[in-house]
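Inspection log for the structure reproduced underneath, given as structure tokens.
Only the coordinates and a few stated rules stand behind these numbers; no lab work does. All values reported here derive from a predicted model rather than from experimental measurement. As a convention, Cβ positions derive from the backbone with ideal geometry for all residues, glycine included, and neighbour counts pool all protein chains shown.
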Amino acid sequence: MTRTPPGGRAARRAIVFALTGTLVVGAAPLPLEAANREHLQMMSDIRMLQEQAQHLQLLLASVTETLKALNARLDEQAEANRKAFADQRLQTAGVTGDLRVLREKMDDTNVRLASLAQEVEALRVSVPVLPAAVPAAATAEDQGATPPVESPAPPPVATPLSPSPGAGMSPQRLFETAYADYASGQWGLAVQGFEAFIKTFPRSEQADDAQFYIGEAYQLDGRFDQAVTAYDRVVSGYPASEQVPLALYKRGLAQMRLGQADRARDSWDTVVKKYPESDAAVLAKQGLDRLARTRR
């Protein structure tokens, strides 16, 4: 084995130390340069982010202003719509009020016209019809002969016509007169008055009431056959009248007075089945109960 002289070893160590120092010195600047480049890149990114943030803030401010302007326009439009709706509602209310007033006036006019028509009809019925004039005979002069001298004949006398009981009366007055006779117990006069009312004003709204009171007058006068007939006329002549349920019940009472229990039961059954909510139905049920008890 070859031995290295002591001086050679020292020289070798010096060379190794020199090389190591050189490497250390050469390698030291490399991390610092990389760190500087990373720092510069980070600063560049930060500046870019700041610029983007500023740009976003500007955009946000612009959007905010736009939204404020849009909200203001929407508020103005909403206010205009509310005002227009309020004006329209006022106009509609005014038109509705005018229509209501007009309708009331039309109804009042129709009532007056109907009343006038009934009064005219009453006057027309009350005015007597004069007989037709008798045509004069052909004179002798027309025949070419000398007319004989004769005493003048007296003018024909028109036979006066007897006026109807309600002649010249308005519908209300005629009905009130007949009802006054009914209330005072003058059954015959009441029947005549109500019959005259129906004959003179057959289309009056009180015609069904007049026919019902005829039945009432007959029943109170003990003329039960005529009462049944009068109540039948209420049912058949005025089927939509409010008096029909009570007329059926009263017909049953008159039939009971005539000893016609089966017919009375039929009348009361009709009231209960067709008009169950009426007051007459309650009375009819009581009558049916009485009939049921008498058969036990």
Exercise. Of the residues that sit in segment 197-229 and are small (Gly, Ala, Ser) and within 28 Å of Leu258 (Cα to Cα), which one is surrounded by the fewest Cβ atoms within 10 Å (Cβ to Cβ)?
Worked result: Gly222
Problem set entry | Residues located in segment 241-258, provided they are surrounded by fewer than 19 Cβ atoms within 10 Å (Cβ to Cβ) and small (Gly, Ala, Ser) | Ser241
Problem set entry | All positions within segment 200-222 that are over 15 Å from Tyr238 (Cα atoms) and touching a residue at least 24 places away in the same chain (Cβ under 8 Å) | Thr200, Glu216, Ala217, Tyr218, Gln219, Leu220, Asp221
